[in-house]
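The values are calculated or read from the model by the stated rules, or taken from the named source; none is laboratory data. Note that this is a predicted model, so its numbers are computed, not measured. Quick reminder, even Gly has a Cβ in these numbers, built from the backbone with ideal geometry, and neighbours come from all protein chains shown. The protein model used for the area step is the full one, side chains on, heavy atoms only, and it has no ligands, DNA or RNA in it. Shrake-Rupley method; radii C 1.70, N 1.55, O 1.52, S 1.80 Å.
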Amino acid sequence: MTSLETRFAEAESDLSGSRQRLIREILAHPEDTYFLSSRALAKRYDLDPTTIVRTIQALGYKRYGEFAADLRSHFVTRITPYALMKSAVRDKRSVADHVEHTLEMDLHNLNALRSKLDVKQVLEIAKRIDRARRILVVGIDFAAPLSHLLAYGLVSIGYDAEAPVGSAGNLHQKILLLGPKDLLIAISFGRCLQDTVDSVIRAHDNGVPTFGLTDSEKSPIARFCDGSWITSIASPSFHGSYVAVVSAINALLVACSQLHPQRSLTVLRRKEQEFRSRWYTPTAGKSGNRNSGKYE
């Protein structure tokens with residue numbers, strides 16, 4: 001059970017029937033409530049804010065913020081694209097309001113990362129990457145672009161990194177090739193995907209160091225990895241918000257590039273020479289001007 005479920009189970013017999021029904025409703029539909037303030041939560045259930053405060057105090061919380069943190073952790077264990085979209089549809093906002101809310105949540109997640117992620121933590125993981133013979137970055141579905149971003153960025157500055165694609169069998173074979181001198185980085189959120197969690201467990205069983213990017217200290221990635229960064233993806237969007245995760249990856253890539261700046265420059269210089277032949281160049285005699293309504 002989540003912390004909130006545990007507290008409710010312990011206090012249930014001492015709660016009135018109305019308070020029991022309130023907590024059960026909140027637990028059953030956290031996608032509708034995890035981002036609400038105490039006043040907004042009271043308004044949603046047509047209650048006085050004092051009733052909300054006294055109910056959460058009866059669960060053993062001293063402040064609403066503590067309850068809200070546990071409610072969010074409860075939510076992320078059940079998060080799905082459908083649950084997020086359902087929550088957004090129920091929230092009677094205009095399309096413009098939904099867009100504004102999404103941008104606000106992105107900014108909130110980024111500010112939360114900025115306040116919690118210590119530069120020393122970034123340097124510690126960067127040095128662990130630097131010591132690794134090979135780095136395997138595992139991310140599936142919506143996390144796949146994140147894994148490719150991190151792996152491609154590391155390769156660009158001289159590290160042997162890969163984000164495997166294809167079947168679960170291909171992923172497991174890659175993990176079997178790893179050893180204690182390598183590193184597995186897993187990226188998954190909410191309840192976490194089975195294949196990603198299995199990758200961490202298999203790597204750990206083989207003595208491979210592991211590190212995770214996830215959104216809760218109670219997620220399987222956080223529990224099974226040797227270390228992890230907690231980065232919120234909370235958002236009214238059906239796919240979650242990855243703004244803060246990308247920012248964390250950017251910080252890590254910068255740290256890795258600056259550990260050996262001359263090596264990074266050497267590798268990037270070779271890539272720049274290669275890219276000169278790959279950048280778009282207008283073909284002589286062909287304007288390709290879309291505004292003209294035709295191509296010459």
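For the range 240-247, state whether one or more residues are closer than 19 Å to residue 123 by Cβ, free of Cβ contacts under 8 Å to residues at least 60 places away in the same chain, assigned to a helix (DSSP H, G or I) and not β-branched (Val, Ile, Thr).
no
Just give me the residues in the range 3-35 being crowded, with 17+ Cβ neighbours inside 10 Å, under 30 Å from residue 239 (Cα atoms) and out of contact with any Asp or Glu (no Cβ under 7 Å at 6 or more places or on another chain), in sequence order.
If the condition is that a residue be crowded, with 17+ Cβ neighbours inside 10 Å, under 30 Å from residue 239 (Cα atoms) and out of contact with any Asp or Glu (no Cβ under 7 Å at 6 or more places or on another chain), then 7, 8, 22, 23, 26, 29, 30, 31, 32, 33, 34, 35 are the ones that fit.
For residue 224, only one of the following conditions fails: (1) open to solvent by less than 80 Å² (accessible area, probe 1.4 Å); (2) modelled with pLDDT of 85 or more. What is its number?
Residue 224 satisfies every listed condition except (1).
Surrounded by fewer than 13 Cβ atoms within 10 Å (Cβ to Cβ) and closer than 24 Å to residue 190 by Cα - does that describe any residue in the range 116-124?
For the range 116-124, residues surrounded by fewer than 13 Cβ atoms within 10 Å (Cβ to Cβ) and closer than 24 Å to residue 190 by Cα: present.
Starting from the range 57-69, keep only residues that are closer than 12 Å to residue 15 by Cβ, then list their pairs with residues that are open to solvent by 20 Å² or more (accessible area, probe 1.4 Å) and part of a loop (DSSP other than H, G, I, E, B) whose Cβ atoms are within a distance under 7 Å, requiring at least 6 positions of separation or different chains.
Hits for this filter: zero, empty list.
Kindly evaluate residue 291 against the criterion of being out of contact with any helix residue (DSSP H, G or I) (no Cβ under 8 Å at 6 or more places or on another chain) and modelled with pLDDT of 80 or more.
No.
Residues that are under 29 Å from residue 240 (Cβ atoms) and aliphatic (A, V, I, L, M): which helices (runs of 4 or more DSSP H) entirely in the range 1-52 hold 3 or more of them? Don't jump to the end; show me each part of the working.
On the way: elements: 3-11, 17-28, 38-44.
Hits in the range 1-52: 17-28, 38-44.
Could you tell me which residue of the range 127-173 is most open to solvent (accessible area, probe 1.4 Å), considering only residues that are of a type in the set (Ser, Thr, Tyr) and either over 24 Å from residue 192 (Cα atoms) or modelled with pLDDT under 95 (or both)?
167
How do the pairs read when you match residues in the range 248-266 that are open to solvent by less than 20 Å² (accessible area, probe 1.4 Å) with residues anywhere that are among the charged types (D, E, K, R) and assigned to a helix (DSSP H, G or I), using Cβ under 7 Å and keeping only pairs 6 or more apart or on different chains?
Once the first residue is open to solvent by less than 20 Å² (accessible area, probe 1.4 Å) and sits in the range 248-266, its partners that are among the charged types (D, E, K, R) and assigned to a helix (DSSP H, G or I) give 256/130.
Would you confirm whether or not the range 43-52 contains a residue that is within 24 Å of residue 190 (Cα to Cα) and either at pLDDT below 95 or loosely packed, with under 12 Cβ neighbours inside 10 Å (or both)?
Looking through the range 43-52, none of the residues is within 24 Å of residue 190 (Cα to Cα) and either at pLDDT below 95 or loosely packed, with under 12 Cβ neighbours inside 10 Å (or both).
Could you list, in sequence order, the residues of the range 141-187 that are more than 20 Å from residue 209 (Cα to Cα) and touching an Asp or Glu at 6+ places or on another chain (Cβ under 8 Å)?
If the condition is that a residue be more than 20 Å from residue 209 (Cα to Cα) and touching an Asp or Glu at 6+ places or on another chain (Cβ under 8 Å), then 168 is the only one that fits.
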